[in-house]
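Report on the following structure.
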Amino acid sequence: MNIFRLSGDLCHLLAIIILLVKIWRSKSCAGISGKSQFLFALVFTTRYLDLCTVFISVYNTSMKVIFLGCALVTLCLIYIKFKSSYDRDNDTFRVEFILIPVAGLSFLVNHDNTALEILWTFSIYLESMAILPQLFMITKTGEAETITTHYLFFLGLYRALYMANWIWRYHTEGFFDQIAVVAGAVQTIFYCDFFYLYITKVLKGKKLGLPLPV
């Protein structure tokens, strides 16, 4: 644990809380990609299969439970409680274009050819691509609510801080996980254009107008 990882985890948690509060207060999931949230829920489910068998620390276990629980609650809000506000017409990204290549790559490139390790690797690869349906939806509609952009900003900041965490660990511990680093770098790249728009428009109090290149 170091300041970069802790800050990254807190940004990740803050992003999820922002999204949940936005949906609950507005009683609407308009502008939110249910497909992205499904992919994130799949990420946490496949990554935390060791929840009941491996104990690292109270912090680690608590964060696993919180992230997994929040992901499932988000899905319930989008597809059950506030399903009438879900914009299916604009949430049209073909998730099979993500799931099939990611699944294949997980079998081909992993640290240990066991079921749990393949599923963990799958979750790492999938997380790097899971935001694409949300970015595609924003591109298609041409705009995003300010709260939604805050969610995306903190989600991207979480990945950027994790990149700093891996750099720190490499210099202080000699630790380097090529799969996690490459996947994290790919995910961070997806946010670069969004970061520019966020800083130049949202922080000036303007509505985020797009199209947004991805």
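List the DSSP H helices in the chain whose Cα atoms stretch 15 Å or more along the helix axis and whose mean Kyte-Doolittle hydropathy is at least -1.0. Mind dumping the intermediate values first?
Numbers: long enough: 3-26 (34 Å, 1.42); 34-47 (20 Å, 0.54); 58-76 (27 Å, 1.51); 96-108 (18 Å, 1.98); 115-129 (21 Å, 1.03); 146-173 (39 Å, 0.10); 178-201 (35 Å, 1.09).
Qualifying helices, which must be both long enough and hydrophobic enough, are 3-26, 34-47, 58-76, 96-108, 115-129, 146-173, 178-201.
Name the residue farthest towards the positive end of the dipole of the chain from the options F175, P133, F44, assuming +1 on Cβ of Lys and Arg, -1 on Cβ of Asp and Glu, about the Cα centre. Final value for the positive-end residue is P133. Run down the aspartates and glutamates and flag those whose C-alpha is under 17 Å from the C-alpha of K83, throwing out any fewer than 8 positions away in its chain. Correct list for K83: D91.
Give the shape of the chain as rounded, prolate or oblate, defined through the alpha-carbon gyration tensor: a ≥ b ≥ c are the square roots of its eigenvalues, a/c under 1.5 means rounded, and otherwise the shape is prolate if a/b is larger than b/c and oblate if not.
Details: a/c = 1.56, a/b = 1.39, b/c = 1.12.
Because a/c hits 1.5 or more and a/b exceeds b/c, the chain counts as prolate.
Once you sort the root eigenvalues of the Cα gyration tensor of the range 23-112 as a ≥ b ≥ c, which label holds: rounded (a/c under 1.5), prolate (a/b larger than b/c) or oblate (the other case)? It comes out oblate by the Cα gyration axes.
Computing FRET efficiency as 1/(1 + (r/R0)^6) for M1 and T141, where r is the C-beta to C-beta distance and R0 is 41 Å, gives about 0.55. Stretched out straight at 0.36 nm per residue, the stretch from I179 to V109 would grow longer than its current Cα-Cα span by 24.4 nm.
Computed from the coordinates by the stated procedures, all read-outs in this text should not be read as laboratory data. Just so it is clear, the model here is predicted, and its values are computed rather than measured. All Cβ positions, glycine included, derive from the backbone under ideal geometry; neighbour counts span all protein chains shown.
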